[in-house]
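Novice: Would you mind keeping the following structure in view while I ask a few things?
The values are calculated or read from the model by the stated rules, or taken from the named source; none is laboratory data. Since this is a predicted model, take the numbers as computed values, not measurements. No Cβ is skipped: glycine too gets one built from the backbone with ideal geometry, and neighbour counts run over all protein chains shown. Quick note on the areas: whole protein, heavy atoms, side chains included, nothing else; ligands and nucleic acids left out. Shrake-Rupley method; radii C 1.70, N 1.55, O 1.52, S 1.80 Å.
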Amino acid sequence: MTQRSIVSSIEAEYRRYRSLAEAAMAQLSEPELSTPGPNDGNSVAVIAWHVAGNLASRFTDFLTTDGEKPWRNREQEFASRSPTREELRKHWDRGWAILFESLAGLSDDDLDRIVTIRRAEHRVYAALYRSLAHASYHVGQIVYLAKSRRGHEWQFLSIPPGGSDAYNENPDIDRPEAHVSKIADMWRNLIDRDFLTEERQG
């Protein structure tokens, strides 16, 4: 039987951060997704577009080709854009689908293999941790921007203020992971809602 305990644990962390980002994006209106950050910084849409592009590049033919693909235009990922929620989700989902398809083909025995990123050699485990850190860094930005936009209407994605003692006494009563998953489902439901609204208006 193929051992995948380490790869599976890394995959679980990727999925957790993906859900956090989707739970944050679900709380924003379509225009808010493209609103620039402070001091004309990146919008949520731009950051999400970059994360998806990075994942698609790194994990297409992960073990056999350089992680920086010749077809990738990293600079363009940071260009100002105003995609519809559906366009953003399609691009976002594509990047994550490529990642998870690649991870599904890995076992723990592959972790010491060599891959290249911009012609520099990395062990597979190092490339995965590097990618996971990159994704979590940008997910943190998405959550921060979304929370700033929503203000007092923000639905917390972790233990809410004042709730630490109750959670520590009984951490199974309302696990943050389950809460995030429920809100992340809104991300997909909103696509259908926006599409149906456009259909009725058309």
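Novice: Return yes when residue 56 is closer than 18 Å to residue 103 by Cβ, of a type in the set (A, V, I, L, M) and outside any loop (DSSP other than H, G, I, E, B) and no when it is not.
Specialist: Values: closer than 18 Å to residue 103 by Cβ: yes; of a type in the set (A, V, I, L, M): yes; outside any loop (DSSP other than H, G, I, E, B): yes.
Yes: the conditions hold for residue 56.
Table: residues versus (1) more than 19 Å from residue 33 (Cβ to Cβ); (2) not in a helix (DSSP H, G or I).
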{"residue": "62", "(1), (2)": "yes, yes"}
{"residue": "70", "(1), (2)": "yes, yes"}
{"residue": "127", "(1), (2)": "yes, no"}
{"residue": "157", "(1), (2)": "no, yes"}
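Results for (1) on the phi < 0 side of the Ramachandran plot; (2) out of contact with any helix residue (DSSP H, G or I) (no Cβ under 8 Å at 6 or more places or on another chain); (3) open to solvent by less than 30 Å² (accessible area, probe 1.4 Å); (4) not polar (S, T, N, Q), shown as yes or no for each residue.
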position: 19; (1), (2), (3), (4): yes, no, no, no
position: 37; (1), (2), (3), (4): yes, no, yes, yes
position: 64; (1), (2), (3), (4): yes, yes, no, no
position: 75; (1), (2), (3), (4): yes, yes, no, yes
position: 96; (1), (2), (3), (4): yes, no, yes, yes
position: 111; (1), (2), (3), (4): yes, no, yes, yes
position: 119; (1), (2), (3), (4): no, yes, no, yes
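Novice: Which residues, counting only those in segment 17-44, are in a helix (DSSP H, G or I) and farther than 15 Å from residue 141 by Cα?
Specialist: Of everything in segment 17-44, those that are in a helix (DSSP H, G or I) and farther than 15 Å from residue 141 by Cα turn out to be 30, 31.
Novice: Exactly one condition in (1) part of a loop (DSSP other than H, G, I, E, B); (2) hydrophobic (A, V, I, L, M, F, W, C); (3) surrounded by fewer than 14 Cβ atoms within 10 Å (Cβ to Cβ); (4) at pLDDT below 95 is not met by residue 79; state its number.
Specialist: (4)
Novice: When both residues are 6+ apart or on different chains and their Cβ atoms are under 7 Å apart, which pairs have a first residue that lies in segment 47-66 and is farther than 26 Å from residue 144 by Cα, and a second that is buried (at least 19 other Cβ atoms within 10 Å of the Cβ) and among the hydrophobic types (A, V, I, L, M, F, W, C)?
Specialist: 59/98; 59/99; 60/98; 62/115; 63/115
Novice: Let me ask another. Tell me, which residue of segment 121-160 that is of a type in the set (A, V, I, L, M) and within 13 Å of residue 10 (Cβ to Cβ) is most open to solvent (accessible area, probe 1.4 Å)? Write out each step before concluding.
Specialist: Kept after step one, since they are of a type in the set (A, V, I, L, M), are these residues of segment 121-160: 124, 126-128, 132-133, 135, 139, 142-143, 145-146, 157, 159.
Still in the running and within 13 Å of residue 10 (Cβ to Cβ): 124, 126-128, 132-133, 135.
Working: 124: 0, 126: 38, 127: 5, 128: 1, 132: 25, 133: 55, 135: 2 Å².
By that ranking, first place goes to 133.
Novice: While we're looking at this one, here's another question. I'd like to know if segment 89-112 contains one or more residues that are in a loop (DSSP other than H, G, I, E, B), basic (Lys, Arg) and closer than 20 Å to residue 21 by Cα.
Specialist: No, every residue in segment 89-112 fails to be in a loop (DSSP other than H, G, I, E, B), basic (Lys, Arg) and closer than 20 Å to residue 21 by Cα.
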